[in-house]
Amino acid sequence: AAARREAEERARQEAEVVGTIELALESNSVKLMQKGIGLAETYSVSLPIVDEARARLREVQAEAMRVEAERARATAALRAAVEMEEIELLQNALRAAHKAGVAADLLSSAEETLTRLREAAAAAA
């Protein structure tokens with residue numbers, strides 16, 4: 001009876017791990033992947049889906065780091081372009097900054113600078 005209870009508990013634990021990880025992989029949820037991997041470690045569950053979740057988690061985290069690095073680069077480039085006050089450079093920096101998801105307040109300020117520069121260039125022409 002005790003062995004049967006242990007086997008049932010083990011099956012329940014494996015089902016909990018698999019269910020959590022399947023949902024995590026379908027939704028690409030970092031928190032659920034971490035939870036599923038944590039459950040697998042707590043319950044000492046070693047299944048291929050756990051390895052898959054670990055690999056996917058590494059991929060998602062690497063992509064998030066890449067996106068954040070691109071956002072930081074685009075932010076720095078936009079700030080530099082605003083300071084240089086060159087229309088073409090600012091236009092290109094704004095395009096890249098929009099694509100990278102730079103903070104809205106910085107985008108707005110840079111767009112205002114671009115408008116001011118264009119108006120000044122038109123008045124000088």
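Tell me which helices (runs of 4 or more DSSP H) are completely within segment 29-125 and hold 1 or more residues being among the basic types (K, R), closer than 30 Å to A15 by Cα and touching a residue at least 24 places away in the same chain (Cβ under 8 Å), or say none if there are none.
Result: 48-84.
For segment 19-30, enumerate the residues that are in contact with a helix residue (DSSP H, G or I) (Cβ under 8 Å, 6 or more places away or on another chain) and either surrounded by fewer than 18 Cβ atoms within 10 Å (Cβ to Cβ) or among the basic types (K, R) (or both).
E22, L23, L25, N28, S29, V30 - these are the residues of segment 19-30 that are in contact with a helix residue (DSSP H, G or I) (Cβ under 8 Å, 6 or more places away or on another chain) and either surrounded by fewer than 18 Cβ atoms within 10 Å (Cβ to Cβ) or among the basic types (K, R) (or both).
If only one of R79, R71, R118 is under 21 Å from the mean Cα position of the chain (by Cα) and of a type outside the set (V, I, T), which one is it?
R71
Here, each number is a calculation from the coordinates, and none is a lab measurement. This one's a predicted model, so the numbers in the text were calculated from it and none came from an experiment. Please note: Cβ atoms are built from the backbone with ideal geometry, for glycine as well, and neighbour counts cover all protein chains shown.
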